[in-house]
Amino acid sequence: MPPQPGARDAVDRAAAGGDHRHPAAAWSVLVACALFVVATAICWVAARRPWGLSQLYFLVDFTDCAVYGTVAWLILLRRAHPVAWLLAATGIGGGLSALGAQYVDLLAVHPTLPAPVLLTSAQHWAWAPGMLSLIVVLPWLVREGRLPWPARAAVVTGALVVAAFELFQLTWPGPAAGAGAPLPIRSAAWADLIVYVQPVLVAAVPLLGLAAAVGVAWRWRTGPAAERVGLGWLAVGAALLALSFAPVALPAEPAAHLADWLAPAAMLASQAFFPAAVLAVVLRQRLWGIEIAVRRTLVWFLMTFLLVAAYVLGVSVLDALLPATPALPGVLVTALVAVGVQPGRIRVQRWVDRLIHGAAAEPLGVVRGLGHRISAAEDATDVLTGVAQSLTDLLRLGACGIVVDGPEPCTAYHSSAGPMGKPLVLPLRRGGREVGRLTAWARAGERLDGRTRAALVDLVPVVSSAASLAATSRALVASRARLAEARDSERRKLRRDLHDGLGPALAGVALGLQAARNLLTADPAAAGHLLDRLRDELDQGVEQVRDLARGLLPPVLGERGLAPALHELAQRYAPSGLDVRVAASPLPLPEPVATAVYGIVAEALANAYRHSGARTCRITVRRDGSGLTVDVGDDGSGIPSGVPSGIGMLSMRERAEGIGGTCRIGPGPAGGTTVTVRVPAERCELPAPAGDPSAAPAVVAS
C-alpha cells in the first residue's frame, strides 16, 4: 500500500536534509567561467596562432570551462552537493588554464604586455585539481547518504594523488614549466623527487578512474532500484574519461607509437558523454524541477562536442591521409559535419528526451503500453493493476495508485521501489461523474516535471474508462452474487412456507377427511362438523397460496397495471396500523418497468414498516415529458447516519438501474425517509404492436 502522508513527508525531509541552495555561488561560477571564455576567445583571436597540438589541449581546457561551469551552475542553483563544487573547480580551473595558454601565445605576438607568472604558468597547474578529481574522486561521490568505507578509502586515495600532483605542478623548479611555477622550490632533491614520483601519479590516475567506474557499475548491478537511476551512464562516462587520460600516462617509448592528437581528441570525445552522465545521476533526470534547463543543456552539450570531436578527428585523419593538400581535409570534414547536423540533432534530442522524461516523450508508446496491459487483463483488478504498473514504468514514476469509488470500490497500486516524493492527484470522470482518483508519486527527491504531468492529464480519459470498466465489472459480479443470494433466499423462504405451513395444513386435511369417512356411518353429525372445520382449513390454505403468489408477482399488476397493484399493496398494510396513501393514475407502462417499480415500492414500504416506526407512508407516481417519477416517503425515524446500505437498498438501486433509471434514498424534506425513482421517457414507451410497420419500436428495459 502507499506510504502514509506522514511517512512520505519524513522521507522528503530526510532526502532534502542538508541540501542548501547556493545561488550566489552558482552565479559567481557562471560569471567567472563566462569571463574566462570571453577573455580566452579574445586572446585567441588576437594571437592568431596556427592550429597545432597545443591548440588541441587548449580546446580541452576551453570546453571544460564552458561545460563544467554550466553544469556546476545548474546544480548549485538547487543543491550544494560536493559534486557541484568539484565541477565548479573543473570549470574555473579549465578556464584559467585555457586563458593562460592563449595569453602566452599572445605574449609571443605582443611581448610588451605584462607577464604575471600566476597566469602564464596556469596552463600547467590550473586544470589539474578539477579534471583529475573528475576522474578519480567524483564518481564515488555521486550518491545519497554516507559513503561506505571502500568509497571513503578510494576518495581519500584519489584526493591524495590529486593533491600531490598539484603540489608538484605548483612547485616544480625545472624548465619544463615553461614560464616557471608560481611557487617554485629551489631544491635539487625536490626536483629529483618530482621526476621519480610524478610519472607514478600520472599512471595512477587512469587506474583509479577505472576503479571508480567499476565501483559505479557494481552499484548499478547490486544497489537498490531507487538508487540505480543513471548509474549505468555514469559508469560508462567515468570509464571513457579515465581511458582518455591513459595516453598521457603511458611511458615515453609506448607513447611514441601513438598519434599526438589521440590524447586531446579522446578527452574532447569523453566530454560529450561524461557531463550528461553526471546530470543524469545527480539531477535524477527531473530532480528539483529544472528538467527544461537540463534537457536543453544536454542537447547543446552533446551536439557541440559531437561536432567538435567529429571535426577534430576528421581533420586529423584526412590530414594524415592527404598531406599534400592541407585545405582539403577541412573542407571535406566541414561539409560532412554540416550534412549531419540536423539528423544528429534529432537523434540527440530523442535520446535526451527519453533519458529525462522516459516514455512521456512518446505518448503513443504510453497509450500502446496501456492498451496491451488492459487487453491482457482477465478481471477488473488486473485491469487497474496493469494500468498502474504501466504508468509507473513508462513514465518513470515513484508509484501510481488508482482508487475507484462506488458500491463496489476497488484500488490498485504499483511502486517502482524506494521512498516516494510528493503526489499528484487527478480526478477520474466518466459522463460528468467522478468515479475515482488517480494518484502519481514522483521518485524520492524529485518533482513531477511538466511533460509527465501533461502526459498524465492526457491519459486521464483512458484511465477513467479503465476504472469505469473495472467498477462496472465488479458491480456486475457483485450484483450477480446478490441476485443468486436473493434467489436462493426466496427459494428457501418458499420451501419453508410450503414445508412448515401449507404442507402440514394439507396433511391435516387429509387426516381429517379420513376421520370424517370413518364417522359417516357411526356419527353423521360429528362427520358434518369435522367437514366444516376441514373446509375452513382449506380456505386458509388457499389464502396462503394466494399470499405466496402475490408475494412473488401480484396478478393485478399484470392484469390491470401498476396503479391498481399499488392500491392493493397499500390495503395489505391497513391491518398493521401503517396508513399507506397512494396518488397514482393508471399509466400504461412496459411490464419490466412496472415490475421493477412495484418491487422498489414494496421494498420501501417493508423497510418503513419494519425499521422506521412510521405511521404514515405516501406513494406518488407521476409522468411527464422527462419520464416517470415515483416517490415513496414516510414519517418515520429516518436512516441513521453512517449506516451502510443493506441488501434491500442495493436491490432497489439495482432494480432501477436495470430499467435504465436511478434510485435515490435519503432523508425527506419533513423528516423520515424518501425513496425517489426516476425512469427516462424512452424506457416508459410501450413496444409497438405486432404487425404495425408504421409504429417505431420503443426501447424498453429487459
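The values are calculated or read from the model by the stated rules, or taken from the named source; none is laboratory data. Predicted model only: the values in this text are computed from it and were never measured. Every residue, glycine among them, receives a Cβ derived from its backbone with ideal geometry; neighbour counts consider all protein chains shown. These area figures cover heavy atoms from the full protein model, side chains too; ligands, DNA and RNA do not enter into them. Shrake-Rupley method; radii C 1.70, N 1.55, O 1.52, S 1.80 Å.
At-a-glance table
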read-out: Other-chain or far-sequence residues with amide H under 5 Å of C410's (modelled H); value: V404
read-out: Rounded accessible area of L650 (nearest 10 Å², 1.4 Å probe); value: 40 Å²
read-out: Sequence ranges 386-399, 582-595, ranked by mean other-Cβ count within 10 angstrom, highest first; value: 386-399, 582-595
read-out: Nonlocal amide H pairs with D635, under 5 Å, H built at 1.01 Å; value: R615, T616
read-out: Candidate residues Y609, Y57, Y598: accessible-area rank, largest first, probe 1.4 Å; value: Y609, Y57, Y598
read-out: Nonlocal amide H pairs with R430, under 5 Å, H built at 1.01 Å; value: V435
read-out: For region 189-225 and region 58-133, distance of Cα centres in Å; value: 22 Å
read-out: Probe 1.4 Å - accessible area at T629, Å² to nearest ten; value: 10 Å²
read-out: Length added when fully stretched, V457-T629, from 0.36 nm per residue minus Cα-Cα; value: 58.1 nm
read-out: Trypsin sites (Lys or Arg not before Pro) within region 607-678: DSSP coil, no more than 16 neighbouring Cβ in 10 Å; value: R615
read-out: Region 53-118 - Debye-derived log10 I(q)/I(0), Cα point model, q = 0.16, 0.29 Å⁻¹; value: -0.59, -1.10
read-out: Most to least accessible of D523, D61 (protein chains only, probe 1.4 Å); value: D523, D61
